[in-house]
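Heads up: the structure comes next, in structure tokens.
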Amino acid sequence: MTQASPVAPAPEVGSRATGGLPVGALAIETEGLTKRFGQQVAVGGINLAVPSGAVFGFLGPNGSGKTTSIRMLLGLTQATSGAIRVLGESMPARLHEVLPRVGALVEGPAFYPFLSGDANLRRLDTADPHASRRTRSIRVASALERVGLSHAAGKKVGAYSLGMKQRLGIANALLQPRDLLVLDEPTNGLDPQGTREVRSLVRSLAAEGTTVFVSSHLLAEVEQMCTHAAVMSAGNIVAQGTLTELREVGETRVRVRTPDAGTAERVLAGLGLTPVSTPHGEDEQPWVTAPLAGRATEPELIVNALVAAGVRIRGFSIEEPSLEERFVALTGEGFDVVQ
Amino acid sequence: MSSSDLAVKPARRTGARRGLGLDLLGSELSVLFRRRRTWAMLVAVALIPILLAVAVRLSSDALAPGEGPPFLDRVTQNGLFTGFTAMVVAIPLFLPLTIGVVAGDTIAGEAGQGTLRYLLVAPAGRVRLLLVKYIGAAAFSLVATLTLMLAGILIGVALFPVGPVTLLSGDVISVPESLLRSLLVASYVTVSLLGLSAIGLFISTLTDVPVGAMAATIVVSVVAQILDVLPQLSWLHPWLFSHYWLGFAELLSQPLDFTSFGANALVQAAYIAVFGALAYSRFATKDILS
């Protein structure tokens, strides 16, 4: 994290108008937003609260309902129930007033393969009735430049690589100055260099006062560019808040590697902790783990007590809570796509 | 990606001005007529009168009147008939086929490609998009029939004698007037295809697979023509969108008779109203999942 503070937006943001909304207002707000496809519940009554000016990470494994939620936010699909407000206006009732202020990349880029990158952006720009014809060329050119595609502007999109299409998709979201950007998996298909570029682009947009709502299944990505996040799992939001708040929910733990697991557990229990031995393989030493939940037990005191009891310590560590553990705890591990 | 703010930032939109969507219509037409597929279809349409004229020119046997498609025997006497003959040949199958491709592709093509979601998020507006797409399909009908007529006249002039045209009624009209009649026939055929275009637009809102919508539209046009020749269904015939397709012959009589033109226009308008409404009701609330 290179940002000054992960919680509050950078200082200069606060002084800027954030999308015509008062600072602290919500750019996106949902209440019990639900989408059912037949019997299957894709999104089960979520309450999103995206503060204006935030870079908001919408995190969750594949199939957890992120894209379905985004489609409802943008008026592409109808919610089964629940209410949506985007930029302070009700959606989809005020769609024609809201969407010109929103740039979006939804479920990957899509373009006319037989048209050039430049012609594709012009085509999509004409679809916005508010877009001025007079400034179209200059807006298209600057959007292309902003994503580093000026050199390929005249090339047919059919000949673009996936990464180039992804950049063009982001350029499309930037055709107008936007109050809100909704980016669904913006770094898909990008190489590490492109991923870094997207991150710095998102930061610079946020510095201009744009609220950025970015979905991802990659925790590292969210950790590196977001100020806030919500975690989706099986169609529900299981955690939401600033990154700091999300981290705090986790717990600091002490881990001891020793062949004398039984003794170690007794010692730790004697210190008021609740130790757990983790199963181990044939050649491995067992780990004894105990949460330090808020307790100010000094690590050196724990080590002293263990040594005094004759526990052979082969490894000792204090583990800070990580977002990754929290994420895995919330969404489960492995490749099982949630049904 | 330069993170520095090199981008020229136009003034914030006032939000007051909202275009009628003429830009989108212009863009739609330009995309439609820039596609290689559209050009291929127009070339194929133009080839119909050319093949027909060349075949007639090369065959030594003079055709007896009434043999082959209507007007075919007249082509050798007057090149200006080539366009009419080609129109008769093309309207049952080939023109509906091209309309099926264009109209079936309207919404389903954008959906299949994924661009539909970006058009709607822009926001193009669902009603406006439907209108623009329909006008695009109608413009294609016009261009296709004009192409056919123009190619027919040009090849006819090149291969056959040209002079005052003897009409079915026996009256003779001048060359300029016969060109006017050609335009009338082309507009008759264009109008004839508008109902089918509306059906294609509706079918196109039902699926994300453009080929399916195209095939279904073409099948509908074939079925309508089959129903039109079953005498048991004669009560249904005036209601079929294909019923008046070949009725333009009366535009080649003297004095000009617009009965068929009017009846045809009425049937087509009814189809546009019904299938336009169906397309609207389907598309206005459709979940865009593509």
How much length, in nm to one decimal, is gained on full extension between B:VAL219 and B:LEU179, taken as 0.36 nm per residue of separation minus their Cα-Cα distance? 11.0 nm
Evaluate the Debye formula for chain B with equal point scatterers sitting on the alpha carbons, no solvent, and hand back log10 of I(q)/I(0) at q = 0.14 Å⁻¹, in q order, two decimals. -1.03
Output the relative contact order of chain A, whole-number percent, from Cα pairs under 8 angstrom with separation of 6+ residues. 21
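Can you give the helix-only mean residue ellipticity at 222 nm for chain A, where every DSSP H stretch with n ≥ 4 adds -39500 (n - 2.57) and the sum goes over all residues, rounded to the nearest 500 deg cm²/dmol?
My calculation for chain A gives -9000 deg cm²/dmol from helical runs alone.
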With Cα coordinates, the longest principal axis of chain A makes an angle with the long axis of helix A:162-173, in degrees rounded to 10, of 70
Is any helix in chain B, taking whole DSSP H runs, at least 20 angstrom long along its axis by alpha carbon and on average at least -0.5 on the Kyte-Doolittle scale, and which ones? B:36-58, B:94-113, B:126-159, B:175-192, B:210-229, B:259-284
So, by mean Cβ neighbours within 10 angstrom, what's the order for A:39-50, A:105-116 with the highest one leading? A:105-116, A:39-50
At a Förster distance of 22 Å, what's the computed FRET efficiency of B:GLN77 paired with B:ALA265, Cβ-Cβ distance as r, to 0.05? 0.10
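For n ≥ 4 DSSP H runs only, could you compute -39500 (n - 2.57) per run for chain B, divide by its residues and tell me the 222 nm figure to the nearest 500?
Here the helix-only value at 222 nm equals -21500 deg cm²/dmol.
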For residues of A:68-79, the mean tally of beta carbons on other chains within 10 Å: 3
Can you give the mean number of other chain Cβ atoms that lie within 10 Å of the Cβ atoms in peptide A:116-129? 6
So for the pair B:THR166, B:SER234, with labels modelled 7 Å out along Cα→Cβ, what separation do we get in nm? 3.4
Taking neighbour counts of Cβ atoms within 10 Å as a proxy for exposure, in what order, fewest first, do A:LYS35, A:LYS155 appear? A:LYS155, A:LYS35
Is the range B:211-289 best put as rounded, prolate or oblate by its Cα gyration tensor, with a ≥ b ≥ c the root eigenvalues, rounded for a/c under 1.5, and otherwise prolate when a/b is larger than b/c, oblate when not? prolate
Where a ≥ b ≥ c are the square roots of the eigenvalues of the C-alpha gyration tensor, would you call the range A:11-248 rounded, which needs a/c under 1.5, or, failing that, prolate if a/b is larger than b/c, or oblate? rounded
Quick check: pseudo-label points 7 Å beyond the Cα along Cα→Cβ at A:ASN304 and B:TRP39, how many nm apart are they? 8.7
FRET efficiency for A:GLU208 and A:GLU245 from the Cβ-Cβ distance with R0 = 25 Å, rounded to 0.05, comes out at 0.45
Residue pairs, from the table A:LYS66/A:LYS156; A:LYS156/B:LYS133; A:LYS155/B:LYS286, whose Cα atoms sit over 28 Å apart: A:LYS66/A:LYS156; A:LYS155/B:LYS286
Over all residues in B:121-132, what is the mean tally of Cβ atoms on other chains that come within 10 Å of each residue's Cβ? 6
Starting from the Cα of A:ALA159, step 7 Å along the direction of its Cβ; do the same at A:GLN39; then give the gap between the two resulting points in nm. 5.1
Between A:GLU320 and A:ALA83, what is the FRET efficiency for a Förster distance of 56 Å, r being their Cβ-Cβ separation, to the nearest 0.05? 0.90
In terms of modelled amide H atoms, which long-range or inter-chain residues lie less than 5 Å from the amide H of A:SER116? A:VAL157
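FYI, it's all coordinate maths here, none of it is from the lab. If you're wondering where the values come from, they're calculated on a predicted model, not measured in any experiment. Glycine gets a Cβ as well: all are built from the backbone with ideal geometry, and neighbour counts include every protein chain shown.
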